[in-house]
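Colleague: I am attaching a structure below and will ask some questions about it afterwards.
The values are calculated or read from the model by the stated rules, or taken from the named source; none is laboratory data. This one's a predicted model, so the numbers in the text were calculated from it and none came from an experiment. When we count neighbours, we look across all protein chains shown, and the Cβ atoms used for this are built from the backbone with ideal geometry, even at glycine.
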Amino acid sequence: MEKSKIGRRFEGKVAIVTASTQGIGFSIARRLGLEGASVVISSRRQGNVDEAVEKLKEEGIEVFGLVCHVSNAQQRKNLIEQTVQKYGKIDVVVSNAAANPSVDPILKMQESSLDKLWEINVKTSILLLQDASPHLSKGSSIVFISSISAFQPPASLAMYGVTKTALLGLTKALATELAPHTRVNCVAPGFVPTHFASYITNNKTMRKSLEEQTSLKRLGTTEDMAAATAFLASDDASYITGETIVVAGGASSRL
Ligand code: NAP
């Protein structure tokens, strides 16, 4: 969307987006920032953090960046503590980090890959929220980034898909646990050509087939995912909690 058409729904709000120095996370941080939020971005590498902070600052966004590998307990704590020290509260948390270490079928997958999938895609989201929850403001909002693979895990993404299915359950469970103070929702993207998906979307035949599987005949953009996330995180969604929005151009996910 053109910058001039974007609203200011997050004026005075503080938003943390994990894994946000590129791809979907970066676009979400940018969208929330353009709408007035002070955004806290992070990822594993300082160089990537610095570069992303610069890009967002150039657009006039109030941004703070730090290194946070989501599996590192100290870095997670630091992310929350520094955010609260700098901005005094947390209004939005977008839990976006994920890994897909193996394309093996589930019953052939190494235990180390199973552990990594569970740890990065599910467990660390919970641990980060345990640290963040004492600082969540009244009316705050959490958004998990799942995947269309959560509904029908494809062969090469089967166990990854199952961890994304777990996020749908986590969304429901935490929506109950954190109500009425905090809303909890989820976005399930279809395929978006980012670094993460490049092994699929860079293959011309696969890309064409994925485009054909959508009603809109195109892959998603990171901005499409940011728009849906911003909606769920905003007061426009103030009566929505425990829900998942599929953002996949009509690719089939559920009835
Ligand atoms: P991406 O473009 O590859 O970006 C990944 C970002 O995460 C980078 O900023 C990376 O920076 C950071 N990162 C990676 N591992 C991290 C970790 N352990 N801790 C902290 N930061 C980490 O990926 P993406 O496609 O935007 O994916 C974002 C989310 O969307 C994921 O949850 C993914 O499952 C979901 N999703 C993506 C698609 C798709 O087609 N792209 C579809 C459905 C769902 P560093 O390298 O500096 O850490």
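Colleague: What is the residue count in region 39-60 for residues that are within 19 Å of the chain's Cα centre (by Cα) and outside any helix (DSSP H, G or I)?
Modeller: Summing the residues that are within 19 Å of the chain's Cα centre (by Cα) and outside any helix (DSSP H, G or I) in region 39-60 gives 7.
Colleague: Return the residues of region 204-225 that are within 10 Å of the ligand (Cβ to nearest atom) and aliphatic (A, V, I, L, M); say none if nothing qualifies.
Modeller: Selection gives Leu210, Leu219, Met225.
Colleague: Take the residues in region 144-157 that are aliphatic (A, V, I, L, M) and buried (at least 22 other Cβ atoms within 10 Å of the Cβ); name whichever of them is farthest from the ligand (Cβ to nearest atom). Give the steps one after another, and end with the answer.
Modeller: Step one: list which residues in region 144-157 are aliphatic (A, V, I, L, M), which gives 145, 148, 150, 155, 157.
Among the residues that remain, those that are also buried (at least 22 other Cβ atoms within 10 Å of the Cβ) are: 145, 148, 150.
Working: Ile145: 4, Ile148: 6, Ala150: 9 Å.
Ranking the candidates gives Ala150 first.
Colleague: With the structure loaded, tell me whether Gly60 is on the phi > 0 side of the Ramachandran plot and either basic (Lys, Arg) or within 8 Å of the ligand (Cβ to nearest atom) (or both) or whether it fails that test. Steps first, please.
Modeller: Details: on the phi > 0 side of the Ramachandran plot: yes; either basic (Lys, Arg) or within 8 Å of the ligand (Cβ to nearest atom) (or both): no.
In short, no.
Colleague: Any residue in region 189-203 that is more than 14 Å from the ligand (Cβ to nearest atom) and either within 29 Å of Val103 (Cα to Cα) or among the aromatic types (Phe, Trp, Tyr) (or both)? Break it down stepwise before answering.
Modeller: Restricting attention to region 189-203, the residues satisfying the condition of being more than 14 Å from the ligand (Cβ to nearest atom) are none.
Checked region 189-203: no residue is more than 14 Å from the ligand (Cβ to nearest atom) and either within 29 Å of Val103 (Cα to Cα) or among the aromatic types (Phe, Trp, Tyr) (or both).
Colleague: Can you name the helices (runs of 4 or more DSSP H) wholly within region 158-233 that have at least 3 residues being surrounded by 16 or more Cβ atoms within 10 Å (Cβ to Cβ)? Walk me through it before giving the result.
Modeller: Numbers: elements: 158-178, 198-201, 204-212, 222-233.
Here the list reads 158-178, 204-212, 222-233.
Yes or no, residue by residue, for (1) more than 20 Å from Phe26 (Cβ to Cβ); (2) of a type in the set (S, T, N, Q):
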site: Glu177; (1), (2): yes, no
site: Ala197; (1), (2): no, no
site: Asn203; (1), (2): yes, yes
site: Ser209; (1), (2): yes, yes
site: Glu212; (1), (2): yes, no
site: Asp236; (1), (2): yes, no
site: Thr244; (1), (2): yes, yes
site: Gly249; (1), (2): yes, no
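Colleague: Restricting region 88-123 to residues that are buried (at least 21 other Cβ atoms within 10 Å of the Cβ) and not aliphatic (A, V, I, L, M), which is nearest to the ligand (Cβ to nearest atom)?
Modeller: Asn96
Colleague: Kindly indicate whether Gly12 is in a loop (DSSP other than H, G, I, E, B), surrounded by fewer than 16 Cβ atoms within 10 Å (Cβ to Cβ) and more than 14 Å from the ligand (Cβ to nearest atom).
Modeller: Details: in a loop (DSSP other than H, G, I, E, B): yes; surrounded by fewer than 16 Cβ atoms within 10 Å (Cβ to Cβ): yes; more than 14 Å from the ligand (Cβ to nearest atom): yes.
The answer is yes for Gly12.
Colleague: Next question. Return yes when Glu223 is more than 20 Å from Gly169 (Cα to Cα), acidic (Asp, Glu) and touching a residue at least 24 places away in the same chain (Cβ under 8 Å) and no when it is not. Before you say what the answer is, go through the steps one by one.
Modeller: Values: more than 20 Å from Gly169 (Cα to Cα): yes; acidic (Asp, Glu): yes; touching a residue at least 24 places away in the same chain (Cβ under 8 Å): yes.
Answer is yes for this residue.
Colleague: Please name all residue pairs, on different chains or six or more residues apart, with Cβ atoms under 7 Å, provided the first residue is in region 67-87 and is over 16 Å from Leu136 (Cβ atoms) and the second residue is more than 8 Å from the ligand (Cβ to nearest atom) and of a type in the set (Asp, Glu).
Modeller: Ser71/Glu119
Colleague: Here's another thing I want to ask about it. Hey, any hits in region 107-125 for a residue that's free of Cβ contacts under 8 Å to residues at least 24 places away in the same chain and among the hydrophobic types (A, V, I, L, M, F, W, C)?
Modeller: If we filter region 107-125 for residues that are free of Cβ contacts under 8 Å to residues at least 24 places away in the same chain, which is where we start, we get 107-108, 110-112, 115-116, 123.
Keeping just the survivors that are among the hydrophobic types (A, V, I, L, M, F, W, C) gives 107.
Yes; the residues of region 107-125 include at least one that is free of Cβ contacts under 8 Å to residues at least 24 places away in the same chain and among the hydrophobic types (A, V, I, L, M, F, W, C).
Colleague: Here is a further query. Run down Ile6, Ile16 and say which single residue is at pLDDT below 95, touching a helix residue (DSSP H, G or I) at 6+ places or on another chain (Cβ under 9 Å) and among the β-branched types (Val, Ile, Thr). Give the derivation first.
Modeller: On the way: Ile16 fails: at pLDDT below 95.
Sole residue among the options that is at pLDDT below 95, touching a helix residue (DSSP H, G or I) at 6+ places or on another chain (Cβ under 9 Å) and among the β-branched types (Val, Ile, Thr): Ile6.
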